[in-house]
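Working notes, beginning with the structure itself.
The values are calculated or read from the model by the stated rules, or taken from the named source; none is laboratory data. In this text, all values refer to a predicted model and were calculated from it rather than measured experimentally. Glycine also receives a Cβ, built like all others from the backbone with ideal geometry; neighbour counts cover every protein chain displayed. Heavy atoms of the whole protein, side chains included, go into the accessibility calculation; ligands, DNA and RNA do not. Shrake-Rupley method; radii C 1.70, N 1.55, O 1.52, S 1.80 Å.
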Amino acid sequence: MAITYGDPAATRRLEITPADVKVSVITAPAGGARVSGNVTLTYTLESDLAVTASLDVEWSTNGSTYADCTMGTGGDGTTGLATSGAGTVHTYIWNSVTDVGSAVEDEVYIRLRANDGAAWSAYTTSGAFTVDNLPIAPSLSTPAANWFAKDTTPTFAFTIPTDPGTDSFHFKCVVYNTSGTAVLTKESNTTATG
């Protein structure tokens, strides 16, 4: 239990917290941000005693029901985290694809709390942001726009973006004549996940 005092020249303030550490602020993702895949959470740990802390990370789509975040590769992890009185900045990589899936969630919250080895701090919650894990549409590489040639076996090349999810792609190509009538449709499934 930490006991801290305010400015002794001013009105005395006594603050009692259950832990000697706290998450003072979450700076990323910012409220209103749009993120995908492995999301970098940036936060600050404060402790006047400079204890080594551990972290609890949870996510929600309504701000009331939370679940544990799946940790991605990189970042500072959740244990052995340095703290300081002025605050020490850390990052946590959240694998949003595992938790959210290949979907869009328009109202996502992250909440964090820290442990000093004896007790948990209160939660600090982020502002609402969007997680968009839908794959990006492929773009036509060749032929160029407005290309014209008399060819009964034309070849089309597409640039396929990296899929933040783990699903295979389904392609559908429709060829229209100058009257806007579909004259050819080809469909294909991939086994690659991007």
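A few remarks follow.
- Applying the criterion of being among the aromatic types (Phe, Trp, Tyr) and under 30 Å from Asn95 (Cα atoms) to the residues of region 140-193, the residue that is modelled with the lowest pLDDT is Phe169.
- Taken together, Thr4, Thr44 contain a single residue that is under 22 Å from Ala119 (Cα atoms) and either loosely packed, with under 14 Cβ neighbours inside 10 Å or modelled with pLDDT under 95 (or both), which is Thr4.
- Qualifying residue in region 87-99 (condition: modelled with pLDDT of 95 or more, charged (D, E, K, R) and more than 19 Å from Ala53 (Cβ to Cβ)): yes
- Pick from region 94-114, criterion open to solvent by 20 Å² or more (accessible area, probe 1.4 Å) and assigned to a strand (DSSP E or B), ranking: nearest to Gly63 (Cα to Cα): Tyr109
- Scanning region 78-93 for residues that are under 13 Å from the mean Cα position of the chain (by Cα) and surrounded by fewer than 16 Cβ atoms within 10 Å (Cβ to Cβ) returns a single hit, Thr91.
- Neighbours by Cβ (under 9 Å, 6+ apart or cross-chain): first from region 112-123, farther than 15 Å from Ala82 by Cβ; second part of a strand (DSSP E or B) and small (Gly, Ala, Ser): Trp120/Ala114; Ser121/Ala53; Ser121/Ala114
- Here Val51 meets the list (1) open to solvent by less than 50 Å² (accessible area, probe 1.4 Å); (2) among the hydrophobic types (A, V, I, L, M, F, W, C); (3) within 17 Å of Asp106 (Cα to Cα); (4) not in a strand (DSSP E or B) almost entirely, failing just condition (3).
- Looking only at region 54-72, and only at residues there that are free of Cβ contacts under 8 Å to residues at least 40 places away in the same chain and of a type in the set (Val, Ile, Thr), the one that is surrounded by the most Cβ atoms within 10 Å (Cβ to Cβ): Thr70
- Selection count, region 29-40, where residues are in contact (Cβ under 8 Å) with a residue 60 or more places away in the chain and surrounded by fewer than 17 Cβ atoms within 10 Å (Cβ to Cβ): 5
- Subset of region 115-142 [more than 13 Å from the chain's Cα centre (by Cα), assigned to a strand (DSSP E or B) and not hydroxyl-bearing (Ser, Thr, Tyr)]: Asn115, Trp120, Leu140
- The residues in region 115-131 that are open to solvent by 40 Å² or more (accessible area, probe 1.4 Å) and of a type outside the set (A, V, I, L, M, F, W, C) can be counted, and the count is 3.
- Condition met for Gly75 (open to solvent by 40 Å² or more (accessible area, probe 1.4 Å), out of contact with any Leu (no Cβ under 9 Å at 6 or more places or on another chain), at pLDDT 95 or above and not in a strand (DSSP E or B)): no
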